[in-house]
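K.L.:
I have a structure I would like to understand better, so I am pasting it below and will then ask my questions one at a time.
The values are calculated or read from the model by the stated rules, or taken from the named source; none is laboratory data. This is a predicted model, so every value here is computed, not measured. Backbone-built Cβ (ideal geometry, glycine too); neighbour counts: all protein chains shown.
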Amino acid sequence: MSSLQSSTHDDDQVLPFTIEHLEVSGRLVRLGPAIDEILARHAYPDRVSQVLGQALLLVAMFGSMIKDRQSRLPGQSGSKPTERFILQTQSDGAINLIVADYVHPGNLRGYARFNEDMINELNEDELESKLLGKGHLAMTIDRGSDTDRYQGIVSLDDEGPSAGLSGAANQYFQQSEQLPTFIRLAMAKHFDAMGKSANNEAQDWHWRGGALMIQKLTSIGGHKTSDNAALDLLPDAHNDDDSWNRTHILSQSIKDHELLDPVLLSRDLLYRLYHEDGVRIFDALNIGAACSCSLKGVENMLAGFTKSERKDMIKDDGKVHITCEFCNRAYEVTPAL
């Protein structure tokens with residue numbers, strides 16, 4: 001666990017970049033208050049929070065690559081944005097289900113289901129891939145009701161190249177898109193004596209997450225482009241092994257504490273890694289913790305059940321009690337019968 005002093009001026013952002021001399025594009029994700037708010041609402045065991053945090057990092061990274069058709073600030077209410085990226089795992093491990101999604105332009109949420117007995121039986125140093133076990137990882141792009149969904153599915157293993165979330169995501173790009181990709185994920189708690197929890201109570205330890213992804217630039221009509229989108233990538237037509245190997249080696253040198261350090265600016269980290277090869281950094285994209293659940297949505301959901309079904313849901317106080325799995329918000333509704 002990190003004990004660095006907190007600084008939020010570079011938190012909750014995705015920073016796109018290219019390494020022009022090596023024809024590589026990438027994204028650097030740094031999440032602080034947003035990821036801490038999501039995880040604090042659930043109070044999962046630390047190892048469950050750590051794996052869900054990695055899923056949220058991937059969702060922020062891939063979701064922010066989707067082209068938008070509607071603008072809204074993270075956390076704002078209003079008309080529903082059309083662009084959504086969803087990551088879901090189902091497996092036989094102690095953490096048997098993860099669902100995380102990103103709604104343009106930066107609303108992030110997620111939850112996990114797990115077997116507490118299996119969690120307690122595992123060694124403290126058990127790898128994330130062992131916690132997830134074997135199953136599959138699905139990545140879905142939903143651009144709204146007027147377009148078809150796109151979904152990519154890849155196996156999730158407890159060892160080998162598809163082990164864990166980053167391994168499965170790497171395998172997807174390698175097998176389905178034939179696109180060389182490197183992904184590094186880091187999650188940890190850090191100490192902040194002035195920190196606050198999601199319910200504004202004093203809290204010293206807070207979750208932080210960091211992620212780095214690099215990919216070879218795709219070719220369209222003989223010209224390189226960095227304007228790719230997650231799961232919408234064309235096969236790479238330029239096979240410069242030397243440039244890719246160099247970038248890969250540089251990227252592998254990054255340490256978890258560098259990805260998580262709240263004092264180290266994202267731009268400084270990228271410059272430290274790639275300054276000799278002409279790193280070009282674009283505008284940062286902001287990320288916020290936000291859930292789309294609402295009382296109206298709950299009422300509409302209940303209206304889809306029969307009167308008999310709604311009657312069976314009613315508790316002793318005459319109301320139906322529903323808790324959002326994403327944000328843990330509780331709703332009490334008196335259904336029409």
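K.L.:
I'd like to verify a number: residues in the range 300-321 that are under 11 Å from THR334 (Cα atoms) and acidic (Asp, Glu), how many? Give the derivation first.
P.N.:
If we filter the range 300-321 for residues that are under 11 Å from THR334 (Cα atoms), which is where we start, we get 302, 310-311, 313-315, 317-321.
Checking which are acidic (Asp, Glu) leaves us with 317.
Residues flagged as under 11 Å from THR334 (Cα atoms) and acidic (Asp, Glu) within the range 300-321 amount to 1.
K.L.:
Between HIS206, HIS190, which is touching a His at 6+ places or on another chain (Cβ under 8 Å), closer than 22 Å to ARG41 by Cβ, at pLDDT 90 or above and buried (at least 18 other Cβ atoms within 10 Å of the Cβ)? Let's see the steps before the verdict.
P.N.:
Numbers: HIS190 fails: at pLDDT 90 or above.
Going through HIS206, HIS190 in turn, just one is touching a His at 6+ places or on another chain (Cβ under 8 Å), closer than 22 Å to ARG41 by Cβ, at pLDDT 90 or above and buried (at least 18 other Cβ atoms within 10 Å of the Cβ): HIS206.
K.L.:
Looking at the range 102-120, which of the residues that are touching a Pro at 6+ places or on another chain (Cβ under 7 Å), in contact (Cβ under 8 Å) with a residue 60 or more places away in the chain and surrounded by 22 or more Cβ atoms within 10 Å (Cβ to Cβ) is nearest to PRO45 (Cα to Cα)?
P.N.:
Among residues in the range 102-120 that are touching a Pro at 6+ places or on another chain (Cβ under 7 Å), in contact (Cβ under 8 Å) with a residue 60 or more places away in the chain and surrounded by 22 or more Cβ atoms within 10 Å (Cβ to Cβ), the one nearest to PRO45 (Cα to Cα) is ASN107.
K.L.:
Determine the pairs where a residue that is at positive phi, located within the range 320-337, has a partner that is acidic (Asp, Glu) with Cβ atoms under 6 Å apart, the partner being 6 or more residues away or on another chain.
P.N.:
Hits for this filter: zero, empty list.
K.L.:
Are any of the residues in the range 60-74 in a helix (DSSP H, G or I), surrounded by fewer than 24 Cβ atoms within 10 Å (Cβ to Cβ) and modelled with pLDDT under 85?
P.N.:
Checking the range 60-74: not a single residue is in a helix (DSSP H, G or I), surrounded by fewer than 24 Cβ atoms within 10 Å (Cβ to Cβ) and modelled with pLDDT under 85.
K.L.:
When you scan the range 217-230, do you find a residue that is at pLDDT 75 or above, in the same structural domain as LEU259 (by TED's automatic domain parsing) and farther than 24 Å from ALA43 by Cβ, even just one? Outline the logic, then answer.
P.N.:
First pass over the range 217-230, keeping only residues at pLDDT 75 or above: 217.
Next, from what is left, pick out any that are in the same structural domain as LEU259 (by TED's automatic domain parsing): 217.
Filter again for farther than 24 Å from ALA43 by Cβ, leaving 217.
Yes, some residue in the range 217-230 is at pLDDT 75 or above, in the same structural domain as LEU259 (by TED's automatic domain parsing) and farther than 24 Å from ALA43 by Cβ.
K.L.:
Which residue pairs have Cβ atoms closer than 9 Å, lie 6 or more positions apart in sequence or on different chains, and pair a first residue in the range 144-164 that is aromatic (Phe, Trp, Tyr) with a second residue that is surrounded by 13 or more Cβ atoms within 10 Å (Cβ to Cβ) and assigned to a strand (DSSP E or B)?
P.N.:
Short answer, once both residue conditions are applied: TYR150/MET139; TYR150/THR140; TYR150/ILE141; TYR150/ASP142.
K.L.:
Out of the residues in the range 8-17 meeting the condition of being at pLDDT 95 or above and more than 14 Å from the chain's Cα centre (by Cα), tell me which one is nearest to LEU108 (Cα to Cα). Spell out how you get there, then give the answer.
P.N.:
We begin by selecting, within the range 8-17, every residue at pLDDT 95 or above; these are 12-17.
Keeping just the survivors that are more than 14 Å from the chain's Cα centre (by Cα) gives 15-17.
Numbers: LEU15: 16, PRO16: 18, PHE17: 22 Å.
Of everything passing the filter in the range 8-17, LEU15 is nearest to LEU108 (Cα to Cα).
K.L.:
Something else now. Residues in the range 172-190: is at least one of a type in the set (Lys, Arg) and either in contact with an Asp or Glu (Cβ under 6 Å, 6 or more places away or on another chain) or closer than 14 Å to GLN90 by Cα (or both)?
P.N.:
At the first step, the residues of the range 172-190 found to be of a type in the set (Lys, Arg) are 184, 189.
From what is left, the residues that are either in contact with an Asp or Glu (Cβ under 6 Å, 6 or more places away or on another chain) or closer than 14 Å to GLN90 by Cα (or both) are none.
Taking every residue of the range 172-190 in turn, none turns out to be of a type in the set (Lys, Arg) and either in contact with an Asp or Glu (Cβ under 6 Å, 6 or more places away or on another chain) or closer than 14 Å to GLN90 by Cα (or both).
K.L.:
Check whether at least one residue in the range 237-254 is within 25 Å of LEU270 (Cα to Cα), in a loop (DSSP other than H, G, I, E, B), at pLDDT 90 or above and assigned by TED's automatic domain parsing to the domain that holds ALA34, and report yes or no. Walk me through how you get there before you give the answer.
P.N.:
Taking the range 237-254 and keeping what is within 25 Å of LEU270 (Cα to Cα), we get 238-254.
In the following step, the residues that additionally are in a loop (DSSP other than H, G, I, E, B) were identified as 238-240, 253-254.
Cutting the leftovers down to at pLDDT 90 or above gives us 253-254.
Subsequent filtering for residues that are assigned by TED's automatic domain parsing to the domain that holds ALA34 retains 253-254.
Yes, the range 237-254 has at least one match.
K.L.:
Still on this structure: Considering only residues of the range 148-160 that are surrounded by 12 or more Cβ atoms within 10 Å (Cβ to Cβ) and not aliphatic (A, V, I, L, M), which is farthest from ARG184 (Cα to Cα)?
P.N.:
If we filter the range 148-160 for residues that are surrounded by 12 or more Cβ atoms within 10 Å (Cβ to Cβ), which is where we start, we get 150-159.
Now narrow it down to the ones that are not aliphatic (A, V, I, L, M): 150-152, 155, 157-159.
Working: TYR150: 25, GLN151: 23, GLY152: 20, SER155: 19, ASP157: 17, ASP158: 17, GLU159: 17 Å.
Filtering first and then ranking leaves TYR150.
K.L.:
LEU179 - would you say it is under 17 Å from the mean Cα position of the chain (by Cα) and at pLDDT 80 or above?
P.N.:
On the way: under 17 Å from the mean Cα position of the chain (by Cα): no; at pLDDT 80 or above: yes.
Considered against the rule, which asks whether it is under 17 Å from the mean Cα position of the chain (by Cα) and at pLDDT 80 or above, LEU179 comes out as no.
K.L.:
Going by the conditions given, is LYS134 touching a residue at least 12 places away in the same chain (Cβ under 8 Å) and over 21 Å from ALA186 (Cα atoms)? Spell out how you get there, then give the answer.
P.N.:
Details: touching a residue at least 12 places away in the same chain (Cβ under 8 Å): yes; over 21 Å from ALA186 (Cα atoms): yes.
Answer is yes for this residue.
K.L.:
While we're looking at this one, here's another question. Being small (Gly, Ala, Ser) and assigned to a helix (DSSP H, G or I) is the requirement here; does SER129 meet it? Outline the logic, then answer.
P.N.:
Numbers: small (Gly, Ala, Ser): yes; assigned to a helix (DSSP H, G or I): yes.
Considered against the rule, which asks whether it is small (Gly, Ala, Ser) and assigned to a helix (DSSP H, G or I), SER129 comes out as yes.
K.L.:
If you don't mind, another one. Output the number of the condition that SER308 fails; it satisfies all remaining conditions of (1) among the polar types (S, T, N, Q); (2) within 30 Å of LEU87 (Cβ to Cβ); (3) in a helix (DSSP H, G or I).
P.N.:
Checking SER308 against (1) among the polar types (S, T, N, Q); (2) within 30 Å of LEU87 (Cβ to Cβ); (3) in a helix (DSSP H, G or I), the one that fails is (2).
Let's see how each residue does on (1) outside the structural domain of ASN107 (by TED's automatic domain parsing); (2) surrounded by fewer than 18 Cβ atoms within 10 Å (Cβ to Cβ); (3) farther than 18 Å from GLN13 by Cβ; (4) at pLDDT 90 or above:
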| residue | (1), (2), (3), (4) |
| --- | --- |
| TYR271 | no, yes, no, yes |
| GLU276 | no, yes, yes, yes |
| VAL279 | no, no, no, yes |
| MET301 | yes, yes, yes, yes |
| LYS307 | yes, yes, yes, no |
| VAL320 | yes, no, yes, yes |
| THR323 | yes, yes, yes, yes |
| ARG329 | yes, yes, yes, yes |
